[in-house]
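All remarks here apply to the structure that follows.
The values are calculated or read from the model by the stated rules, or taken from the named source; none is laboratory data. If you're wondering where the values come from, they're calculated on a predicted model, not measured in any experiment. Counting neighbours? That spans all protein chains shown, and the Cβs are built from the backbone with ideal geometry, glycine included.
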Amino acid sequence: MIRRVFLCYWIIGLILIPTAISQSFASQMEVFLVPESDQADPVFTSIRFINLGYEPGSELSKILNGTNERLDFTLNSTSQGMDEIQKAINEAFLTEKKSPIQLSDSKLDYAAQIRGFEDRAQISYKIKFAPHMSNFVLPTNDTARAIDLDWRSVVIKDPLTVNVPEYGEFDINFPIGPIQVLFPEAAQKLESVNETRQILNTPLLDFEEIGLPMDRWHFLFDPTGSQASAAGSGYAEEGGSKVVSVFSLGESSFREGTHSAKVGSASANIDGSEVTIGTSNPPPSGQIQIGGFAQVRNINNAEIAIVSPEGPSGTATATGGFPIQVLLILGGMMGAVAVLVLVKARKPS
């Protein structure tokens, strides 16, 4: 019975989510890459919803019923623990993605809300991570610029603990974090069984779906730089090419396919009562803007964008339909990536 009731509430919960966190895509990333300066300011956003179902009168019900707690804070480069977070993410880029990029001067906004009822609780999370990024331009043996794209799908697998003045030691990466701070007795019960512990210790900073192959991203070539200007990127002021290549993820189509929410569920017995847990991440969304005309190539299972300052005459402005002269020019540029391949291949695994 509780499973059927929980399923109904879970569906309703996904539709009528807590208003403290607005509806949007999860596993979201957006960035404007300027090859000339090798500098960028990406924004990674993670959103997740967790629904607990429990029996009225159970121990969890006694703890959570009637609660409505919100926890939010902002961390910057001077906050205690941010250096460790930045180092952990840089290490993940290098070891997992074999990417040389470096993050610095990061800012992180964290928000979580827990709403408890007699037979269920709804928990929502939103993390916005905004670092400064460099070293995404790879060395080549030619004037062609090559940009590393593998970093976009990084997953931070370990806890990331910071010191938040109001809450003390706090893990920003696992969903159990705010439960431990606000309702330690409930957290202890939920972590006492493997089924709920596994879901509540699944990383929030998981951008694996942003790593969908670039041929599943929608491509738009902006020959006037109007997209960059509208975005306020300041790219033209930096003296680079005013043309822009735009890759977008999240738009469903016959060519790029469809993108659906990522869900999971489990059930367990805690203190003699049945507990169900469901988790949902909205579909992924991403946008990568690159100054110049960019074409993606897969080299040794690494996705690289080869960038020229100007788009060849007659370039198509949307996915597909590149004229033959464009493909020939890009084919010639590929001869410049011999050193690049060695750089990627020799990175430590």
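Points worth noting:
- Test: residue in the stretch 34-56 that is assigned to a strand (DSSP E or B), among the charged types (D, E, K, R) and crowded, with 17+ Cβ neighbours inside 10 Å: yes
- When residues of the stretch 36-68 are limited to those that are among the charged types (D, E, K, R) and touching a Ser or Thr at 6+ places or on another chain (Cβ under 6 Å), the one farthest from V243 (Cα to Cα): E55
- Test: residue in the stretch 79-101 that is of a type in the set (S, T, N, Q), over 21 Å from D150 (Cα atoms) and outside any strand (DSSP E or B): yes
- Lone unmet requirement of (1) over 30 Å from S79 (Cα atoms); (2) surrounded by 15 or more Cβ atoms within 10 Å (Cβ to Cβ); (3) at pLDDT 90 or above for P175: (1)
- Summed over the stretch 65-76, the residues that are within 19 Å of V43 (Cα to Cα) and either in a helix (DSSP H, G or I) or in contact with a Pro (Cβ under 9 Å, 6 or more places away or on another chain) (or both) give a count of 1.
- Against the numbered list (1) modelled with pLDDT under 70; (2) surrounded by fewer than 17 Cβ atoms within 10 Å (Cβ to Cβ), H259 comes up short only at (2).
- Among (1) crowded, with 19+ Cβ neighbours inside 10 Å; (2) hydrophobic (A, V, I, L, M, F, W, C); (3) farther than 30 Å from S37 by Cα - the single one F73 does not satisfy: (1)
- Residue list for the stretch 281-324, restricted to those being modelled with pLDDT under 90 and among the acidic types (D, E): E310
- Taken over the stretch 279-289, the criterion of being in contact with a Leu (Cβ under 8 Å, 6 or more places away or on another chain) and either more than 22 Å from L249 (Cβ to Cβ) or hydroxyl-bearing (S, T, Y) (or both) is satisfied by S280, S285.
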